[in-house]
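In what follows, a structure is listed as structure tokens, so that the remarks can point back to it.
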Amino acid sequence: MLRGDLLSGTYTVFEYERERAIAYARRWAFGRNPLFYNFTGIGGDCTNFISQCLLAGCCVMNYTPVFGWYYRSAGDRTPSWSGVRYLYDFLTGNNAGAGPFGRVVVQEQLQPGDIIQLGRGNGEFYHTLLVTGKGSEGRLVAAHSDDALDRPLWSYSYRELRAIHIEGFRAASRPPSDAFEALYNGAALP
């Protein structure tokens with residue numbers, strides 16, 4: 001583990017709480033947590049929902065203006081919170097900052113709690129999903145915009161797939177367990 005503090009920009013690396021991310025997805029896949037704006041109908045709510053799931057798995061945001069990953073309100077959030085491309089850029093480029101980080105893997109390496117992004121085949125990705133498990137028909141996912149829980153990945157129409165394995169998260173200290181409970185119950189942001 002790496003030790004550090006918020007002022008120096010170095011942090012401790014913690015294990016991503018996959019089971020919490022999935023529990024959150026199960027709780028809110030067909031509903032909307034009142035702590036977050038619902039972007040359905042104005043660009044889509046998929047990446048906003050997946051960011052919420054990721055937050056449930058780490059309870060730490062990165063408050064770096066523009067290039068971090070945080071949500072305070074619909075008007076005070078980073079592009080990575082609700083934008084497909086920007087979430088990818090943050091997760092795969094977060095080499096030392098607070099919050100979750102990941103890497104692109106082949107689909108067979110995905111684990112529950114990891115992220116899938118679907119694309120058109122021209123390098124443009126348009127949808128973000130959370131892996132909830134694996135069934136007899138392959139990977140199962142959760143999503144918003146077209147709300148889904150344990151939907152088979154094969155049932156989506158796409159040309160390109162990007163698989164992102166969440167390797168962990170960085171924080172100054174381990175977030176308190178009640179931060180997850182408050183988020184899960186729609187009571188407070190961590």
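The values are calculated or read from the model by the stated rules, or taken from the named source; none is laboratory data. Everything numeric here is computed off the predicted structure, so don't read it as measured data. Every residue, glycine as well, gets a Cβ built from its backbone with ideal geometry; the counts of neighbours run over all protein chains shown. Surface accessibility is based on the protein's heavy atoms, side chains included, excluding ligands, DNA and RNA. Shrake-Rupley method; radii C 1.70, N 1.55, O 1.52, S 1.80 Å.
Things worth noting here:
- Any hit, segment 70-79, residues being of a type outside the set (A, V, I, L, M), at pLDDT below 95 and under 23 Å from residue 147 (Cα atoms): no
- Checklist (1) in contact with a Ser or Thr (Cβ under 7 Å, 6 or more places away or on another chain); (2) surrounded by 15 or more Cβ atoms within 10 Å (Cβ to Cβ); (3) not polar (S, T, N, Q) applied to residue 103, failing item: (2)
- Scanning segment 50-85 for residues that are hydrophobic (A, V, I, L, M, F, W, C) and in contact with a strand residue (DSSP E or B) (Cβ under 7 Å, 6 or more places away or on another chain) returns 50, 53, 54, 58, 60, 61, 69, 81, 84.
- Selection from segment 111-168 of residues that are closer than 16 Å to residue 90 by Cα and small (Gly, Ala, Ser): 163, 168
- Considering (1) touching a Lys or Arg at 6+ places or on another chain (Cβ under 6 Å); (2) open to solvent by 10 Å² or more (accessible area, probe 1.4 Å), the lone condition that residue 57 does not fulfil carries the number (2).
- Filtered residues of segment 133-166 (kept if part of a strand (DSSP E or B), open to solvent by less than 10 Å² (accessible area, probe 1.4 Å) and under 25 Å from residue 37 (Cβ atoms)): 141, 142, 143, 148, 164, 166
- Members of segment 23-67 found to be of a type in the set (S, T, N, Q) and under 11 Å from the mean Cα position of the chain (by Cα), listed by number: 47, 48, 51, 52
- Selection within segment 145-164 - modelled with pLDDT of 95 or more and within 24 Å of residue 122 (Cβ to Cβ): 153, 154, 155, 156, 157, 158, 159, 160, 161, 162, 163, 164
- Scanning segment 68-123 for residues that are among the aliphatic types (A, V, I, L, M), part of a loop (DSSP other than H, G, I, E, B) and under 17 Å from residue 55 (Cα atoms) yields a total of 2.
- Residues within segment 110-138 that are over 17 Å from the mean Cα position of the chain (by Cα) and without any contact (Cβ under 8 Å) to a residue 40 or more places away in the chain, tallied: 9
- Taking (1) open to solvent by less than 60 Å² (accessible area, probe 1.4 Å); (2) within 18 Å of residue 56 (Cα to Cα) in turn, residue 111 satisfies each apart from (1).
- Exactly one residue among 171, 188 is open to solvent by 20 Å² or more (accessible area, probe 1.4 Å), under 21 Å from residue 60 (Cβ atoms) and touching a helix residue (DSSP H, G or I) at 6+ places or on another chain (Cβ under 9 Å), and that residue is 188.
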